[in-house]
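**Student:** First the structure, then my questions, so here it is.
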């Protein structure tokens with residue numbers, strides 16, 4: 001892994017085409033069984049590693065919505081696994097990979113959860129946090145950002161100059177939005193801070209916040225709200241539904257049909273629309289690629 005200068009902790013935002021996506025009005029989120037206010041679980045990342053923010057941001061969101069607390073020993077074991085998967089001391093890791101690790105660990109412990117990627121500021125993002133979900137996400141900060149928070153535990157500004165680090169935490173609630181960080185012991189007065197009402201769009205536009213985040217959802221509850229409706233694989237469902245709604249592609253009896261060769265796939269990878277090299281292009285992957293390019297909005 002190469003260090004993404006000037007960031008450390010949460011490296012550059014990385015998206016996997018296989019991430020399940022939420023789509024407002026098409027996929028219905030169930031209410032979570034628990035929220036942050038029920039247990040108010042906070043984790044100190046420095047007990048494990050000073051660059052383990054991605055792991056702890058994901059664990060915090062899962063704890064918020066399942067109401068379970070992970071021990072220090074479990075957190076250390078998970079960071080050990082993260083290092084084996086590509087995280088590095090002194091550098092950090094990627095948010096989506098930490099989310100996947102935590103999801104798989106939860107399943108090992110008997111909690112059958114799904115993870116969904118959601119675009120910050122979107123309709124589905126607001127629906128999720130209003131229901132009580134915590135969103136694991138990241139931001140790019142610097143000394144000015146830190147001083148703004150420490151002054152009164154409110155992020156008042158929207159422009160802090162050149163950023164010097166990347167960090168992962170979780171965002172929750174709506175008015176005003178709360179950020180729950182990973183420093184309850186080392187920064188007790190500002191581990192939970194708020195974003196000034198109405199400032200999120202500017203923070204996104206100015207590049208301080210990552211564009212997407214992830215939520216953990218109980219599989220059984222989700223399936224009750226969303227009975228199987230097509231043959232599409234779960235990570236493609238929201239893109240397929242968008243295509244149907246826009247009447248771009250309405251026949252989906254065979255979503256896995258190969259419609260393109262390795263050259264077509266490589267062109268979409270070069271455009272940043274796909275991330276996996278499989279040697280061919282299925283119909284549903286093509287639609288996901290169009291969605292990732294913003295052509296289904």
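**Student:** What strands (runs of 3 or more DSSP E) completely inside segment 131-181 contain at least 2 residues that are closer than 21 Å to residue 15 by Cβ, in the same structural domain as residue 54 (by TED's automatic domain parsing) and under 21 Å from the mean Cα position of the chain (by Cα)?
**Tutor:** Numbers: elements: 135-141, 165-172, 178-180.
Counting at least 2 such residues, we get 135-141, 165-172.
**Student:** When the residues of segment 62-106 are narrowed to those that are part of a loop (DSSP other than H, G, I, E, B) and closer than 25 Å to residue 209 by Cβ, which ends up nearest to the chain's Cα centre (by Cα)?
**Tutor:** In the first step, residues of segment 62-106 are kept if they are part of a loop (DSSP other than H, G, I, E, B); the result is 67-71, 86-87, 89-91, 94.
With closer than 25 Å to residue 209 by Cβ added as a condition, the list becomes 86-87, 90-91, 94.
Details: 86: 18, 87: 17, 90: 22, 91: 19, 94: 10 Å.
Taking the candidates together, the pick is 94.
**Student:** Right, another one. Out of 205, 245, I need the residue that is surrounded by fewer than 17 Cβ atoms within 10 Å (Cβ to Cβ) and under 30 Å from residue 161 (Cβ atoms). Which one? Quick ask: steps written out before the conclusion?
**Tutor:** Numbers: 245 fails: under 30 Å from residue 161 (Cβ atoms).
Exactly one of 205, 245 is surrounded by fewer than 17 Cβ atoms within 10 Å (Cβ to Cβ) and under 30 Å from residue 161 (Cβ atoms), namely 205.
**Student:** Can you tell me which of 34, 23 is assigned to a loop (DSSP other than H, G, I, E, B), assigned by TED's automatic domain parsing to the domain that holds residue 120, closer than 25 Å to residue 126 by Cα and modelled with pLDDT of 95 or more? Spell out how you get there, then give the answer.
**Tutor:** Details: 23 fails: modelled with pLDDT of 95 or more.
Of the residues listed, the single one that is assigned to a loop (DSSP other than H, G, I, E, B), assigned by TED's automatic domain parsing to the domain that holds residue 120, closer than 25 Å to residue 126 by Cα and modelled with pLDDT of 95 or more is 34.
**Student:** Looking for something at pLDDT 95 or above, exposed (fewer than 13 other Cβ atoms within 10 Å of the Cβ), out of contact with any helix residue (DSSP H, G or I) (no Cβ under 7 Å at 6 or more places or on another chain) and assigned to a loop (DSSP other than H, G, I, E, B) - is there at least one such residue anywhere in segment 287-296?
**Tutor:** Checking segment 287-296: not a single residue is at pLDDT 95 or above, exposed (fewer than 13 other Cβ atoms within 10 Å of the Cβ), out of contact with any helix residue (DSSP H, G or I) (no Cβ under 7 Å at 6 or more places or on another chain) and assigned to a loop (DSSP other than H, G, I, E, B).
**Student:** Within segment 189-198, identify whether any single residue is without any contact (Cβ under 8 Å) to a residue 12 or more places away in the chain and either assigned to a loop (DSSP other than H, G, I, E, B) or under 17 Å from residue 61 (Cα atoms) (or both), and answer yes or no.
**Tutor:** So in segment 189-198, the residues without any contact (Cβ under 8 Å) to a residue 12 or more places away in the chain come out as 198.
Then drop every residue that is not either assigned to a loop (DSSP other than H, G, I, E, B) or under 17 Å from residue 61 (Cα atoms) (or both), which leaves 198.
Yes, that holds for at least one residue.
**Student:** Do you know which of the residues in segment 58-112 that are in contact with a strand residue (DSSP E or B) (Cβ under 9 Å, 6 or more places away or on another chain) and at positive phi is surrounded by the fewest Cβ atoms within 10 Å (Cβ to Cβ)?
**Tutor:** 86
**Student:** Is there a residue being assigned to a helix (DSSP H, G or I) and modelled with pLDDT of 95 or more anywhere in segment 107-117? Walk me through how you get there before you give the answer.
**Tutor:** First, pick out the residues of segment 107-117 that are assigned to a helix (DSSP H, G or I): 107-108.
Within this subset, residues satisfying the condition of being modelled with pLDDT of 95 or more are 107-108.
Looking for residues that are assigned to a helix (DSSP H, G or I) and modelled with pLDDT of 95 or more, one finds at least one in segment 107-117, hence yes.
**Student:** State the number of residues belonging to segment 130-144 that are within 13 Å of residue 30 (Cα to Cα) and buried (at least 24 other Cβ atoms within 10 Å of the Cβ).
**Tutor:** Applying the first criterion (within 13 Å of residue 30 (Cα to Cα)) to segment 130-144 yields 130-133.
Applying the additional criterion that residues be buried (at least 24 other Cβ atoms within 10 Å of the Cβ) yields 133.
Of the residues in segment 130-144, 1 are within 13 Å of residue 30 (Cα to Cα) and buried (at least 24 other Cβ atoms within 10 Å of the Cβ).
The values are calculated or read from the model by the stated rules, or taken from the named source; none is laboratory data. Bear in mind the structure is a predicted one, so any value in this text is a computation, not a measurement. Using ideal geometry, Cβ is built from the backbone for each residue, glycine included, and neighbour counts are taken over all protein chains shown.
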